[in-house]
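Have a look at the structure below before the remarks.
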Amino acid sequence: MKDFVAYIPVGYPDMEVTVRVLKVLDTLPVKAVELGIPFSDPIADGPVIQTAHAIALKNGVTLERVLNMISKIKVRYGIYVMSYLNVLLRFPSGVNELVRRLHNLGVQGLIIPDLPLKEMDNVQIDFPLVPFVAPNTKDEEIRRINEMEAPFVYYISRFGVTGTRWDLPFLDHIEKVKKTVNKLLYVGFGISRPEQVKAVWKVADGVIVGSALVKIMEKFPASEIPSQIEKAIEELLEV
Amino acid sequence: MRRGYEKMERYFGDYGGQFVPEILMPALNELEEAYDRVVKDESFWKEYRSLLENYAGRPTPLYLAKQLSEKYEARIYLKREDLLHTGAHKINNAIGQVLLAKCMGKKRVIAETGAGQHGVATATAAALFGLECAIYMGSEDMERQRPNVERMALLGAKVVPVGTGSKTLKDAINEAMRDWITNLQTTYYVIGSVVGPYPYPVIVRNFQKVIGEETKAQVLEVEGNLPDYVLACVGGGSNAAGMFYPFIDENVKLIGVEAGGKGPNTDEHAASLLKGKIGYLHGSKTMVLQDQWGQIKVTHSISAGLDYPGVGPEHTFWKETGRVQYEAVTDEEALEAFLELSRLEGIVPALESAHALAFVKRLRDREGKTIVVNLSGRGDKDLESVLNNPYVRERIL
Ligand SMILES: Cc1ncc(COP(=O)(O)O)c(C=O)c1O
C-alpha cells in the first residue's frame with residue numbers, strides 16, 4: 001500500500017462535522033490531510049468543491065478559525081493547508097505571522113492552486129510550498145522542482161477543474177515525471193474509484209482524493225457523514 | 001514619464017503576473033509566442049486594420065458636442081466608439097483576438113461578458129471566422145442586458161448562464177477560466193478587458209490603443225494641440241487603457257472614472273482603484289475589492305460592464321505612479337448624464353460611458369478647456385433597465 005491523502009473542505013457542511021471527520025480519518029491508514037480554506041472565487045475547482053467553499057464561507061469560516069481548529073485537534077497524519085493565494089497574502093496580521101503560526105502548528109506545507117512554479121519566487125511566503133505538475137508541464141519546469149524544497153509534488157491528472165470525472169489517465173506521463181523528480185509524487189483531480197487508486201499507486205507514491213469525499217458530505221445528513229467517509233475510504237483502499 | 005514596458009513583460013511595475021493554475025501556464029506561453037509572432041507579421045496587421053476599417057467602421061469620429069460644450073463652458077469632444085459595429089469599443093479587441101485564435105489553429109472561442117457587449121463582439125467575430133463560440137454571462141446580467149443575450153444567440157453563440165457567487169462579470173470570468181482549463185487544446189479564451197494573467201492585459205490594450213491613436217491625430221487636426229483632459233470609464237479598464245496609452249508620455253491629464261454605485265463610501269459600488277486593496281484575482285496582482293479575510297466582495301453598479309471587483313494591473317500601476325487620476329461617480333450621476341446626452345445631443349450612451357460623461361460636471365477647472373470623453377458604447381442595450389429605473393421614471397415619464 002502507498003500513500004492516501006484526503007482533501008477536506010473546512011466548515012462544510014459545518015465546522016463540527018469537519019472536526020468529526022478529521023477524527024475518523026485518524027483511525028484510517030491516511031497519510032495526510034489537505035485542509036481546504038474556503039475562497040469566494042475558486043477557479044481551479046468544479047461545482048462540488050465550489051459549493052462546499054460557498055457554504056463554508058456562509059458558515060463564517062476564516063483562516064483564523066481554521067488555525068484555531070488545527071491547534072485543538074490531535075491527529076497522527078500530516079496536515080497541509082490548501083488555499084488560494086489572496087486569502088494567505090491578505091491574512092490580517094500579515095503573511096509572516098501566518099507562516100510563524102503554521103510552523104508552530106506543525107503544518108507540513110501550503111498548497112496554493114493559483115500559484116504556478118513561475119511565480120513562486122514572486123511572492124514572499126517563507127514556508128514549504130507544494131509544486132503542481134500538469135500533463136502539459138514542460139520538462140525543464142519539472143526539473144526545476146528538484147532544486148526546490150518541497151514536501152511532495154502534486155500531479156494534476158487531467159485537463160479540468162476538480163471533480164469526479166477521470167477521462168484522461170496520463171499514466172505514462174506520471175511515470176515519466178516520477179523518474180524525473182526527486183520527491184514524493186502524489187496524484188490528484190478526479191480520483192474516485194478503487195481501480196484508479198490502484199493504477200496510480202503503480203506509478204506514483206500516492207493519491208489525493210477530494211471531490212469524491214465532498215460528494216459524500218453533500219449526499220448524507222451530517223450525523224452520517226463521518227461513518228460514510230470511513231466506508232468510502234475503506235472501499236477506495238481495498239486494492 | 002518613463003513607459004518602461006513597451007516590450008512585453010509580465011509585470012507593470014509590481015502588478016500583473018500570471019497567478020493561475022499550473023495547467024494554464026503552457027496555454028499562456030503558447031498565447032505569448034503566438035502574439036509575439038503576429039506582432040511581427042505585417043499581413044496580420046493588414047488584415048486586422050482592414051477589418052476594423054471595412055467591417056467594424058473605423059476610424060470613429062471625434063465629435064465636438066456643441067450643446068454639452070455650451071452648458072459646461074468647455075470644448076467637449078466625444079470619441080464615438082458607440083458608432084462601431086456591435087455598438088462598443090469591444091469589437092476592436094474581439095476581432096484582434098479571434099483573428100489571433102484563428103492563426104493559432106483554434107476551433108472554438110469562449111468569452112465572458114458583463115454588459116453583453118464583449119459577448120456580442122466575440123460572437124460576431126466568431127461568426128465571421130466560422131468558429132464555435134460559447135459566452136459565459138452572469139444570470140443577473142442576462143436579466144438586465146437582455147437584448148444582448150438575444151443578439152448572441154442570433155449570431156450562433158451558446159450563452160451559458162452563470163448562477164454562482166454574485167451572478168455577474170466576476171463569476172462569468174471564473175466559469176470561462178474553468179472551461180478554458182478543461183478545453184485548452186481546442187479553445188481560445190477571448191478575455192474582454194485588460195484583466196487576467198499576462199499576456200492578456202498587454203494584448204487587449206494593444207488591440208484597443210487604436211482609440212487613443214486616432215483621438216490624438218483627430219484632436220491635433222481640429223484644435224492644433226493636444227487636449228487638456230481625456231476621460232474614460234473604467235470597469236476592467238480596456239477602453240480607458242486603449243484611450244490613455246498613446247497619451248501616457250504627453251502633457252495631458254488623464255482621468256479614469258469608476259462605478260461609484262450607491263456611493264463610494266457605502267458598501268455598494270465597484271470602485272476597485274478608489275476603495276480596493278492589492279490582491280490577486282483572475283490571474284493578476286492588482287487592486288481588488290475584498291474583505292479583511294481576502295474574500296472578494298460582491299460589487300454593485302447600475303452598469304453591468306463596470307460591475308467588477310478587480311481592474312487591469314496597468315491601471316493599478318498608473319494609479320500608483322500618479323500618472324492617471326481615478327474617480328468614481330454614482331449610479332444617479334451616471335443616469336443623469338445618460339439622460340442629458342440623449343436630450344442635448346441626440347446620442348444615447350451606454351450606461352458605462354455615461355460614467356465618464358458624468359465626471360465632466362465635477363471637473364472644477366473645466367472652463368475653456370479642451371476635454372475628450374471616450375464614448376465607449378451606445379445605450380440601446382440599457383433602454384429597458386434605464387426606463388424601468390425609479391429615478392428616471394420620476395424625471396421623464
Ligand atoms: C460600452 C462599454 N464601455 C465600457 C465597458 C467597461 O469595460 P472596460 O473598462 O474594459 O472598457 C463595457 C463593458 O462591458 C462596455 O460595454
Checklist entry - How do B:Met142, B:Met25 stack up against each other in accessible area, from largest to smallest, with a 1.4 angstrom probe? => result B:Met142, B:Met25
Checklist entry - So if we plug the beta-carbon distance of B:Met104 and A:Lys23 into 1/(1 + (r/R0)^6) with R0 = 56 Å, what FRET efficiency do we get, rounded to 0.05? => result 0.65
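Roughly how crowded by other chains is peptide B:282-295, in terms of the mean Cβ count from those chains within 10 Å of each of its Cβ atoms?
Mean shielding by partner chains, rounded to a whole number: 5.
How much length is gained on full extension from A:Phe220 to A:Asn182, taking 0.36 nm per residue of separation minus their Cα-Cα distance?
Values: separation 38, 0.36 × 38 = 13.68 nm, distance 4.04 nm.
Length gained between A:Phe220 and A:Asn182: 9.6 nm.
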Checklist entry - How do the peptides B:167-180, B:243-256, B:377-390 rank, highest first, by the average count of neighbouring beta carbon atoms within 10 Å per residue? => result B:167-180, B:243-256, B:377-390
Checklist outcome for this item: A chain fully extended from B:Gln185 to B:Glu213 at 0.36 nm per residue, minus the present Cα-Cα distance, gains in nm 6.6 nm
Item to check | Net dipole in debye of the protein assembly as shown [+1 Lys, Arg Cβ; -1 Asp, Glu Cβ; about Cα centre; nearest 20] | outcome: 560 debye
Checklist entry - Using alpha carbon centroids, what distance separates the stretch B:222-271 and the stretch B:338-397, in Å? => result 15 Å
Checklist entry - Using a simple charge model, +1 on the beta-carbon of Lys and Arg, -1 on the beta-carbon of Asp and Glu, nothing else, what dipole does the stretch B:68-191 show about its Cα centre, in debye to the nearest 20? => result 300 debye
Checklist entry - Cross-link partners among aspartates and glutamates for B:Lys369, C-alpha distance below 18 Å, same-chain residues fewer than 8 apart left out? => result B:Glu70, B:Glu73, B:Glu221, B:Glu223, B:Asp228, B:Glu250
Checklist entry - Taking R0 as 56 Å, what's the FRET efficiency between B:Thr266 and B:Glu33 from their Cβ-Cβ distance, rounded to 0.05? => result 0.80
Checklist entry - Toward the positive end of the charge dipole of the stretch B:90-238, about the Cα centre and with charges on Cβ (Lys, Arg +1; Asp, Glu -1), which of B:Ile110, B:Leu184, B:Gly236 goes farthest? => result B:Leu184
Checklist entry - In square angstrom, rounded to the nearest 10, how much accessible surface does A:Glu140 have for a 1.4 Å probe? => result 110 Å²
Next on the checklist: Net charge around A:Lys72, counting only other residues with Cβ within less than 14 Å of its Cβ (Lys, Arg = +1; Asp, Glu = -1)?
Outcome noted: +2
Checklist outcome for this item: Sorting B:Leu84, B:Tyr63, B:Ser50 by the position of each Cα along the dipole of the stretch B:1-138 (Lys, Arg +1; Asp, Glu -1; all at Cβ), the one nearest the positive end of that ordering is B:Tyr63
Checklist entry - So, with +1 on the Cβ of K and R and -1 on the Cβ of D and E, and no other charges, what is the size of the charge dipole of the stretch A:3-237 about its Cα centre, to the nearest 20 debye? => result 320 debye
Item to check | Accessible-area value, B:Ile135, 1.4 Å probe, nucleic acids and ligands omitted, Å² | outcome: 0 Å²
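Which whole-number percent gives the relative contact order of chain A, counting Cα pairs below 8 Å spaced six or more residues apart?
Working: 430 pairs, mean separation 52.0, N = 239.
Relative contact order of chain A: 22 percent.
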Checklist entry - Going by the alpha-carbon gyration tensor, a ≥ b ≥ c the square roots of its eigenvalues, is chain A rounded (a/c under 1.5) or, if a/c is not under 1.5, prolate (a/b greater than b/c) versus oblate? => result oblate
Next on the checklist: At 7 Å along Cα-to-Cβ for each site, give me the label-to-label distance between A:Arg143 and B:Asp249 in nm.
Outcome noted: 4.0 nm
Next on the checklist: Checking the cross-link filter: which lysines have an alpha carbon closer than 18 Å to that of B:Lys46, excluding same-chain neighbours under 8 positions apart?
Outcome noted: B:Lys102, B:Lys209
Checklist outcome for this item: Per-residue accessible area, 1.4 Å probe, largest first, puts A:Arg165, B:Arg10, B:Arg323 in the order A:Arg165, B:Arg10, B:Arg323
Checklist entry - How high is the relative contact order of chain B, in percent, with contacts defined as C-alpha pairs under 8 Å that are six or more residues apart? => result 20 percent
Checklist outcome for this item: To the nearest 0.05, the calculated FRET efficiency linking B:Ser50 and A:Glu97 through their beta-carbon distance, R0 being 60 Å, is 0.55
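Taking only the Cα atoms of the stretch B:216-353, how large is their convex hull per residue, in Å³?
On the way: hull volume 15.2 nm³, N = 138.
Residue-normalised Cα hull volume stands at 110 Å³.
The values are calculated or read from the model by the stated rules, or taken from the named source; none is laboratory data. Keep in mind that this is a model prediction, so the values were computed, not measured. Backbone-built Cβ (ideal geometry, glycine too); neighbour counts: all protein chains shown. The protein model used for the area step is the full one, side chains on, heavy atoms only, and it has no ligands, DNA or RNA in it. Shrake-Rupley method; radii C 1.70, N 1.55, O 1.52, S 1.80 Å.
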